[in-house]
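Data block below; observations after.
Every read-out reported here was derived from the displayed coordinates using simple, explicitly stated rules and does not represent laboratory data. Note that the structure is a prediction, hence the values are computed from the model and not measured. Cβ: placed from backbone, ideal geometry, glycine included. Neighbour counts: every protein chain shown.
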């Protein structure tokens, strides 16, 4: 079974509608998928409502768990905590924060702000994550992403090492923008393996941790 908590649709910069992405994920062997389109503050409520409606429709008819969420992207670091709180209040089941990837000019301090928020679930592609930040992730129960996204996966090994030293939990996500980006069980394993994880760590990143996160999200 495949779990993926970071994907994008045509609501933001993806190629497919939410329903088509969920359908294609199901065919790929997904057990659960989160739709986490890029968002700031202006259309937060509308995006969550539209995503939630399609996720509910998919779940009612197909054997897949579809989770409405957001990826807070290029926000001022000082606005992350309040926006994450609002997203949860508006119905987002999962809040991902677009971390300080080395491929984009994300504001310094974004990783730290995200990891201090009780309303953030995943820090995506956190780039050159510091040990202090990884320790915050561990203490606050926030998952650190190992990404399949080509623009961002060059720092996966570094993220994995910081997580290992800090005792933080890792999770493999696709950051999919079209059907060709979606995970398979083989690809998820490869992403974890290429980050130099042990077999136990791989199992945790692609199975144990996603299952624990899913259980937490569905209990809300």
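Would you please classify the overall shape of segment 94-176 from the alpha carbon gyration tensor, given that a ≥ b ≥ c denote the square roots of the eigenvalues, rounded means a/c under 1.5, and beyond that prolate means a/b larger than b/c while oblate covers the rest? Note, shape of segment 94-176 comes out rounded.
The rule of thumb for compact globular proteins, 2.2 N^0.38 Å, goes into the C-alpha radius of gyration of segment 2-218 0.91 times.
Histogrammed with a bin width of 10 Å, the alpha carbon distances of segment 2-71 distribute as 23, 59, 17, 1 percent, first bin at zero. A P(r) calculated from all alpha carbon pairs of segment 105-147, with 10 Å bins opening at zero, reads 31, 63, 6 percent.
State whether segment 122-220 is rounded, prolate or oblate according to the following rule on the C-alpha gyration tensor (a ≥ b ≥ c being the square roots of its eigenvalues): a/c under 1.5 gives rounded; otherwise a/b larger than b/c gives prolate, and the remaining case gives oblate. It comes out rounded by the Cα gyration axes.
Using Cα pairs closer than 8 Å and at least 6 residues apart in sequence, work out the relative contact order for the chain, in percent. Provide the component values of the computation, followed by the final result.
Numbers: 478 pairs, mean separation 43.8, N = 220.
It rounds to 20 percent for the chain.
Taking neighbour counts of Cβ atoms within 10 Å as a proxy for exposure, in what order, fewest first, do 90, 1 appear? Could you put the intermediate results ahead of the total?
Details: 90 16, 1 11.
By the 10 Å Cβ count, ascending, the order reads 1, 90.
Ranked by the mean number of other Cβ atoms within 10 Å of their residues, highest first, the peptides 208-220, 129-141 fall in the order 129-141, 208-220.
So how do 37, 181 line up by other beta-carbon neighbours within 10 Å, fewest first? List each step's numbers first, then the result.
On the way: 37 24, 181 19.
If I rank by nearby Cβ atoms, fewest first, I get 181, 37.
Here the peptides 61-74, 187-200 are ranked by packing, the mean other Cβ count within 10 Å, and the order with the highest first is 61-74, 187-200.
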